[in-house]
1. For F8, which sequence-distant residues (separation of 5 or more, or a different chain) have an amide H within less than 5 Å of its own amide H, given hydrogens modelled in the peptide plane?
2. Across the chain, how many lysine pairs, 8 or more positions apart or on different chains, have C-alpha atoms separated by under 12 Å? Please give the number.
3. So what J values fall out for region 121-132 if you push phi through Karplus, 6.51 cos²θ - 1.76 cosθ + 1.60 with θ = phi - 60°, rounded to Hz, Gly and Pro as x?
4. At 7 Å along Cα-to-Cβ for each site, give me the label-to-label distance between R189 and R278 in nm.
5. What residues have an amide H closer than 5 Å to that of T81, excluding those fewer than 5 places away on the same chain, when H is modeled at 1.01 Å from N in the peptide plane?
6. Within region 33-132, which trypsin sites (Lys or Arg not before Pro) sit in a loop by DSSP and count at most 15 neighbouring Cβ atoms inside 10 Å?
7. Compute from the Cα atoms of region 37-152 the Rg and the Dmax, the latter being the longest Cα-Cα distance, and quote both in angstrom.
8. Say each of F47 and T148 gets a label point 7 Å from the Cα, pointing the same way as Cα to Cβ; how far apart are those two points in nm?
Amino acid sequence: MKVGVFYFPTDYGIDPGELGAALEARGFESLFVCEHTHIPVSRRSPFPGGGDLPKRYAHTHDPFVALAFAAAATKRLVLGTGVCLVPQRDPIVTAKSVASLDRLSGGRFEFGIGGGWNVEEMENHGARYDTRFKLMQERVLAMKALWTEEVAGFDGEFVKIEPSWLYPKPARKPHPPVLLGGETDHTLRRVVGFCDGWFPRAGAGFDPAVAVGRLRAAAEKAGRDPATLTTTVFRAPPEAGTLARYGAAGIDRVLLEVPDLDRDGILRRLDELAPLTRA
């Protein structure tokens with residue numbers, strides 16, 4: 001099982017390039033970064049975690065820019081979004097960002113995606129909460145066409161692109177893996193319908209064997225080979241015994257949390273977590 005991390009790439013934390021190099025030197029497999037474009041001060045949407053919204057949500061770098069710095073400072077580290085809020089992003093611009101980062105990094109990018117929870121944030125981008133998942137699906141399908149076809153267009157309810165050239169094409173073939181976040185049965189149907197992997201959170205009561213079984217059952221019901229899908233667990237507990245159970249259950253990757261600290265605090269925490277890469 002692969003062991004990576006996720007991080008909110010804040011302007012007051014560690015430089016993404018230095019973080020990437022530190023992770024690679026300590027044996028971590030991957031770095032996934034979180035995204036929020038902005039946080040409207042109205043705060044109509046309650047924080048799903050309860051209480052006040054943590055400071056880091058309003059201070060993140062653009063994920064593709066942050067990952068580009070990490071890519072330039074590393075050779076092997078897998079680079080991912082965890083998650084990219086696709087309903088808030090133009091699909092043509094995002095397709096080019098994904099392809100450029102994947103190509104320049106030598107095929108090291110994985111595209112973690114999600115629908116988002118902050119209603120006012122997505123509304124500022126012209127997206128609606130009640131149709132965000134259909135919008136997300138159309139944008140992903142349009143991006144797949146742009147990545148894989150020499151002349152690509154798309155004619156959907158929300159996305160319309162006339163036949164076009166878009167280069168560069170990604171280094172990874174046919175394209176970087178698309179990993180969808182969420183835990184519901186609706187999420188699993190979307191995963192097996194148009195994605196390459198599942199990206200659940202390790203919340204209270206998370207059972208890795210049950211999770212792997214749910215994904216396998218959803219794939220078989222849809223007529224898809226379960227072996228074509230991966231499972232990456234977000235915010236896995238940093239405990240060797242628990243991670244051993246995850247690996248034994250068939251989880252492909254776990255992501256441990258890099259905390260919201262300053263540079264020195266983050267590097268100390270990486271030293272503490274590094275033995276788990278060999279657990």
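1. Correct list: C34.
2. Lysine pair count for the chain: 4.
3. The phi angles translate into 4, 5, 4, 4, 9, x, 9, 10, 4, 6, 10, 5 Hz.
4. Reported label-point gap for R189 and R278 is 4.7 nm.
5. V33, E110, G112
6. Details: sites: R43, R44, K55, R56, K75, R76, R89, K96, R103, R108, R128, R132; in loops: R43, R44, K75, R76, R89, R108, R128.
Taking region 33-132 and a limit of 15 other Cβ atoms within 10 Å, the loop trypsin sites (Lys or Arg not before Pro) found are R43, R44, K75, R76, R128.
7. My reading of the Cα-based Rg and Dmax gives 15.4, 48 Å.
8. Computed distance between label sites F47 and T148 equals 4.0 nm.
Computed from the coordinates by the stated procedures, all read-outs in this text should not be read as laboratory data. On a predicted model such as this, the values are computed, not experimentally measured, just so you know. Quick reminder, even Gly has a Cβ in these numbers, built from the backbone with ideal geometry, and neighbours come from all protein chains shown.
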